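The values are calculated or read from the model by the stated rules, or taken from the named source; none is laboratory data. Here the structure is a predicted model, which is why all the values come from computation and not from measurement. So basically every Cβ, Gly included, is an ideal-geometry build from the backbone, and we count neighbours across all protein chains shown. When the accessible area is computed, the model is the full protein with side chains, heavy atoms only, and any ligands, DNA or RNA have been set aside. Shrake-Rupley method; radii C 1.70, N 1.55, O 1.52, S 1.80 Å.
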Amino acid sequence: MLRQIAEGVLVHESEFVQSNAVVVQGRAGVLLIDPGVTGSELDCLANDLRELGQPVVAGFSTHPDWDHLLWHARLGEAPRYGTARCAATVRDQLSDADAKARVAAHLEETEIAGQVPLDLLGLITGLPAETAQIPWDGPGVRIIEHQAHAPGHAALLIEERGVLVAGDMLSDVLVPMLDLDGTADPIEDYLAALRLLEGVAGDVDAVVPGHGSVGGSDQLQARIDQDRAYVRALRDGRDPGDPRIGPSAKPGWEWVSHVHTGQLQRLAQRSERDEAPR
């Protein structure tokens, strides 16, 4: 069910890792950001939009992870956008005929096995490099591109509504997840992205993470500070003491500890390779 968080901005939260789809109302219809996740949830989203009398006139994927590339036939054939680098990454992924099968196989290990529609996965158009605004007939949506979590990742600032759609950053349930394969310096890339988001914090009344709870303006800086402290602890090989990890984590989210452990191991391996004699 859609929940309004600001004038003309609504959120649909999936049961799967609290995934958030964002609806922005425009003059002739809505901009739909990161819809998901199961077929029944996407169907529910289509029903809600029909009841509002609001067709989808544009879509946007914040980054090239499968759960941010979904769509449903009932949402229509509106153009679906991403940054140029995001779209190029998706094209590379889907050029492999087994790509969707691998996603389906991955989902077999989850509670939503067989429930995610993959036929329209990743059909996005890359906006020209350096595009600053989503092209649509509605409130201005600024694209804040960075390389923190995934290639071509974008946060979106709905300027007239004071809403920051953060993609897979600034979550109250997930620790920062670095792009450990696609960048030479994932730590600095993440810190640079946090500085970008901090630069618009004064214009934000609500922050919507890709996964987790919607936060108010009072929580935005706290989430930036928490993510920055976590990333710096990873860099320095320290225990971050982050409440999203371990016994203090939200019930059912213990797997975040495994994500954290995996990142520590990968960063250590990168450091060993960098320091090895050549």
With respect to residue 187, determine if the residue is under 25 Å from residue 212 (Cα atoms), touching a helix residue (DSSP H, G or I) at 6+ places or on another chain (Cβ under 6 Å) and not in a loop (DSSP other than H, G, I, E, B). yes
Checking residue 5 against (1) part of a strand (DSSP E or B); (2) touching a Leu at 6+ places or on another chain (Cβ under 8 Å); (3) farther than 26 Å from residue 87 by Cβ, which single condition isn't satisfied? (2)
Please verify whether residue 89 is open to solvent by 20 Å² or more (accessible area, probe 1.4 Å), within 17 Å of residue 210 (Cβ to Cβ) and at pLDDT below 95, treating the condition exactly as stated. no
Residue under evaluation residue 250, criteria (1) surrounded by 16 or more Cβ atoms within 10 Å (Cβ to Cβ); (2) under 22 Å from the mean Cα position of the chain (by Cα), criterion not met: (1)
Could you tell me whether the stretch 217-233 includes any residue that is open to solvent by 20 Å² or more (accessible area, probe 1.4 Å) and modelled with pLDDT under 95? yes
Whether any residue in the stretch 194-212 is among the charged types (D, E, K, R), under 22 Å from residue 89 (Cβ atoms), open to solvent by 50 Å² or more (accessible area, probe 1.4 Å) and not in a helix (DSSP H, G or I) is what I want to check. no
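Conditions (1) open to solvent by 40 Å² or more (accessible area, probe 1.4 Å); (2) over 14 Å from residue 22 (Cβ atoms); (3) part of a strand (DSSP E or B); (4) in contact with a Pro (Cβ under 7 Å, 6 or more places away or on another chain), marked per residue:
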| position | (1), (2), (3), (4) |
| --- | --- |
| 119 | yes, yes, no, no |
| 138 | no, no, no, no |
| 144 | no, yes, yes, no |
| 148 | no, yes, no, no |
| 156 | no, no, yes, no |
| 166 | no, no, yes, yes |
Only one of 203, 137, 168 is within 20 Å of residue 78 (Cβ to Cβ) and not basic (Lys, Arg); which? 137
Report yes if residue 74 is at pLDDT 95 or above, open to solvent by 10 Å² or more (accessible area, probe 1.4 Å) and within 20 Å of the chain's Cα centre (by Cα), otherwise no. no
Tell me, please, whether a residue that is of a type in the set (D, E, K, R) and free of Cβ contacts under 8 Å to residues at least 12 places away in the same chain can be found in the stretch 73-90. yes
The condition of being under 18 Å from residue 170 (Cβ atoms), among the aliphatic types (A, V, I, L, M) and touching a strand residue (DSSP E or B) at 6+ places or on another chain (Cβ under 8 Å) holds, among 56, 22, only for 22
Check on residue 15, among the acidic types (Asp, Glu) and modelled with pLDDT of 95 or more: no
Which of the residues that make up the stretch 173-189 are in contact with a Ser or Thr (Cβ under 9 Å, 6 or more places away or on another chain) and farther than 16 Å from residue 257 by Cβ? 182, 189
State all residues of the stretch 42-57 that are open to solvent by 40 Å² or more (accessible area, probe 1.4 Å), part of a helix (DSSP H, G or I) and more than 10 Å from residue 30 (Cβ to Cβ); if no residue qualifies, say none. 43, 44, 47, 50, 51
Look at the stretch 19-38 and say how many of its residues are open to solvent by 20 Å² or more (accessible area, probe 1.4 Å) and over 14 Å from residue 158 (Cβ atoms). 2
Subset of the stretch 168-188 that is of a type in the set (D, E, K, R) and under 16 Å from the mean Cα position of the chain (by Cα) - its residue that is surrounded by the fewest Cβ atoms within 10 Å (Cβ to Cβ): 179
